[in-house]
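Asks: Sharing a structure with you now.
The values are calculated or read from the model by the stated rules, or taken from the named source; none is laboratory data. Here the structure is a predicted model, which is why all the values come from computation and not from measurement. Cβ coordinates were reconstructed from backbone atoms using ideal geometry, including for glycine residues, and neighbour counts include every protein chain displayed.
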Amino acid sequence: MAEYTHKVSAAGRINIIGEHIDYCGGKVFPVALSLKNTVYVRPNGKNTINIRWTTLDGEVSLDIDRLESYNNLKYGNYQAGSALMWQRAGHRLVGCDMLQDCTVPFGSGLSSSAAIEVSTIAALAAVAGERIDPVEIALLAQQAEREYTGVNCGIMDQYASSCGRKDMCMLLDCKTLSCTYVPFALGDYALVIANTNKPHNLVESRYNERRAECETALKTLSEKLGVSCLADVTPAQFEKWGHLIEGKPYARAKHVVEECARVEEAVKAMKSGDIVALGRLLNASHASLKELYEVTGKELDALAAAAQAHPACVGSRMTGAGFGGCTISLVKRDAVDDFVKVVGEKYLKKIGYAATFYPAEIADGITVKEL
Ligand code: GLA
């Protein structure tokens with residue numbers, strides 16, 4: 001790789017708890033993974049960004065003056081959107097060649113898209129000789145996801161991908177963007193990631209629909225309580241006034257309020273090493289995402305139920321947007337092999353195709369190396 005001038009990476013992520021609350025101003029608890037997107041980059045002296053992949057055939061060439069016109073590309077659209085946001089923010093955008101190497105499985109709910117956006121922007125910064133500001137990069141990457149690919153996402157994925165730290169959980173306040181780091185310490189337990197391998201479909205539209213339902217709920221409550229986001233509604237206030245919200249938005253808001261409370265509890269449990277309590281919170285989170293938020297589906301439910309039924313597992317839940325993607329489970333370290341075997345077999349029997357298991361390694365967000 002000697003001909004490239006920089007090697008820039010950004011991480012995939014899982015969220016331990018705090019699901020579907022980042023866009024409601026809540027606190028989330030993600031970690032950055034060692035699964036990541038790496039960009040090898042060099043300036044090319046032209047007016048184009050040329051992209052190749054280690055895992056895909058072909059090459060895409062983006063004209064720097066027409067970056068808004070590539071959102072229908074099958075591959076290269078995330079990079080184009082990211083470059084466009086970097087350019088629009090007034091940064092120096094130089095023509096360059098990129099080789100992209102992604103180890104985050106696509107469509108797995110482990111934020112391959114955030115890893116691609118964040119690493120692409122950081123690579124553009126590096127090759128232009130600009131300062132790497134991880135928070136600004138996260139915000140531009142989120143903007144790319146929203147404006148270019150049409151997913152009205154929160155900030156969690158891009159922030160974790162950008163600002164994650166090795167062996168640390170991030171308690172990220174999505175209202176203020178203040179982040180405190182809490183050691184990822186599970187004692188005798190391991191965190192196991194399991195991919196449902198469900199083919200992705202219609203995630204974007206259903207995700208946007210949930211967001212809209214939360215907006216509706218907020219409108220009703222803000223008239224009564226003067227709150228500016230659902231995360232500011234206390235469980236006691238919801239108990240008293242929640243009934244004013246009609247239909248589905250009621251259930252969505254109930255999930256948000258209760259999930260926010262679970263995050264506080266989970267952080268306490270992690271800090272005090274009470275992994276059994278943490279596990280119970282994971283189970284409660286999954287149940288709420290299934291019953292109230294309705295973002296699980298039969299594959300995630302089968303995988304979480306099989307995990308929860310295993311004697312060495314103290315908690316399991318879906319992570320990320322849902323509708324497919326991955327679960328995370330807390331499993332006694334010495335029983336992980338048996339867990340993978342038993343849960344894998346049950347899932348295959350119920351769903352008809354296999355799940356994939358990965359150990360979770362917690363790594364840094366953006367890393368930049370001069371070559
Ligand atoms: C997706 C979004 C995030 C967040 C999660 C759900 O990953 O990109 O912003 O809303 O779903 O917690």
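Asks: What is the one condition in (1) surrounded by fewer than 18 Cβ atoms within 10 Å (Cβ to Cβ); (2) within 25 Å of residue 233 (Cα to Cα); (3) within 16 Å of the ligand (Cβ to nearest atom) that residue 288 does not satisfy?
Replies: Single failed check for residue 288: (1).
Asks: Can you go through 122, 138 and tell me which one is within 16 Å of the ligand (Cβ to nearest atom), crowded, with 18+ Cβ neighbours inside 10 Å, among the small types (Gly, Ala, Ser) and under 29 Å from residue 31 (Cα atoms)? Show your work before the answer.
Replies: Values: 122 fails: within 16 Å of the ligand (Cβ to nearest atom).
Only one candidate passes the filter, namely 138.
Asks: When you check residue 314 against the structure, is it under 24 Å from residue 171 (Cβ atoms), of a type outside the set (S, T, N, Q) and within 20 Å of the chain's Cα centre (by Cα), yes or no? Give the steps one after another, and end with the answer.
Replies: Details: under 24 Å from residue 171 (Cβ atoms): yes; of a type outside the set (S, T, N, Q): yes; within 20 Å of the chain's Cα centre (by Cα): no.
No.
Asks: Across segment 1-38, which residue is surrounded by the most Cβ atoms within 10 Å (Cβ to Cβ) among those that are more than 29 Å from residue 95 (Cα to Cα) and among the aromatic types (Phe, Trp, Tyr)?
Replies: Only one residue fits best here, namely 29.
Asks: Still on this structure, I have one more. Could you check how many residues of segment 303-333 are within 16 Å of the ligand (Cβ to nearest atom) and basic (Lys, Arg)?
Replies: Counting residues in segment 303-333 that are within 16 Å of the ligand (Cβ to nearest atom) and basic (Lys, Arg) gives 1.
Asks: Right, here's the next one. Just one of (1) within 16 Å of the ligand (Cβ to nearest atom); (2) crowded, with 23+ Cβ neighbours inside 10 Å trips up residue 84, so point out which.
Replies: Of (1) within 16 Å of the ligand (Cβ to nearest atom); (2) crowded, with 23+ Cβ neighbours inside 10 Å, only one is false for residue 84: (1).
Asks: Among (1) outside any strand (DSSP E or B); (2) more than 20 Å from residue 134 (Cα to Cα), there is one condition residue 60 misses while meeting the rest; what is its number?
Replies: Here residue 60 meets the rest and fails (1).
Asks: Here's a follow-up. Checking the condition farther than 17 Å from residue 158 by Cβ, touching a helix residue (DSSP H, G or I) at 6+ places or on another chain (Cβ under 8 Å) and within 16 Å of the ligand (Cβ to nearest atom), which residue from 16, 64, 49 passes?
Replies: Numbers: 64 fails: within 16 Å of the ligand (Cβ to nearest atom); 49 fails: within 16 Å of the ligand (Cβ to nearest atom).
Testing whether each residue is farther than 17 Å from residue 158 by Cβ, touching a helix residue (DSSP H, G or I) at 6+ places or on another chain (Cβ under 8 Å) and within 16 Å of the ligand (Cβ to nearest atom) leaves just 16.
Asks: Looking at segment 259-269, can you tell me whether even one residue there is over 24 Å from residue 174 (Cα atoms) and surrounded by fewer than 24 Cβ atoms within 10 Å (Cβ to Cβ)? Step through it out loud before you land on a result.
Replies: Initially, segment 259-269 is screened for residues over 24 Å from residue 174 (Cα atoms), giving none.
No: segment 259-269 contains no residue that is over 24 Å from residue 174 (Cα atoms) and surrounded by fewer than 24 Cβ atoms within 10 Å (Cβ to Cβ).
Asks: Further question: So residue 205 fits all but one of (1) within 18 Å of the chain's Cα centre (by Cα); (2) within 30 Å of residue 134 (Cβ to Cβ); (3) surrounded by fewer than 19 Cβ atoms within 10 Å (Cβ to Cβ); what number is the exception?
Replies: Every condition holds for residue 205 apart from (2).
Asks: Could you please give the count of residues in segment 101-134 that are hydrophobic (A, V, I, L, M, F, W, C), in a helix (DSSP H, G or I) and over 21 Å from residue 370 (Cα atoms)?
Replies: If we filter segment 101-134 for residues that are hydrophobic (A, V, I, L, M, F, W, C), which is where we start, we get 102, 104, 106, 110, 114-116, 118, 121-128, 132.
If we keep only those that are in a helix (DSSP H, G or I) too, we end up with 114-116, 118, 121-127.
Among the residues that remain, those that are also over 21 Å from residue 370 (Cα atoms) are: 114.
The total comes to 1.
Asks: As an exercise: evaluate residue 368 against (1) aliphatic (A, V, I, L, M); (2) under 26 Å from residue 40 (Cα atoms); (3) assigned to a loop (DSSP other than H, G, I, E, B) and give the number of the one condition it does not meet.
Replies: (3)
Asks: Ok, one more. Output the helices (runs of 4 or more DSSP H) that fall wholly within segment 274-362 and possess 2 or more residues being of a type in the set (Asp, Glu), or say none.
Replies: Here the list reads 298-309, 336-351.
Asks: Whether any residue in segment 142-151 is on the phi < 0 side of the Ramachandran plot, within 14 Å of the ligand (Cβ to nearest atom) and free of Cβ contacts under 8 Å to residues at least 12 places away in the same chain is what I want to check.
Replies: Within segment 142-151 (the criterion being on the phi < 0 side of the Ramachandran plot, within 14 Å of the ligand (Cβ to nearest atom) and free of Cβ contacts under 8 Å to residues at least 12 places away in the same chain), the answer is yes, since at least one residue qualifies.
Asks: Still on this structure, I have one more. Can you tell me which residue within segment 166-197, out of those that are under 19 Å from residue 133 (Cβ atoms) and crowded, with 18+ Cβ neighbours inside 10 Å, is farthest from the chain's Cα centre (by Cα)?
Replies: Looking at residues that are under 19 Å from residue 133 (Cβ atoms) and crowded, with 18+ Cβ neighbours inside 10 Å, I get 179.
Asks: Which of the residues that make up segment 254-293 are of a type in the set (Lys, Arg) and out of contact with any helix residue (DSSP H, G or I) (no Cβ under 7 Å at 6 or more places or on another chain)? It would help to see each step written out before you state the result.
Replies: First, pick out the residues of segment 254-293 that are of a type in the set (Lys, Arg): 254, 262, 268, 271, 280, 290.
Selection gives 268, 271, 280.
Asks: Continuing with this model, one more query. Does at least one position in segment 73-92 carry a residue that is over 20 Å from residue 145 (Cα atoms) and modelled with pLDDT of 95 or more?
Replies: Yes, some residue in segment 73-92 is over 20 Å from residue 145 (Cα atoms) and modelled with pLDDT of 95 or more.
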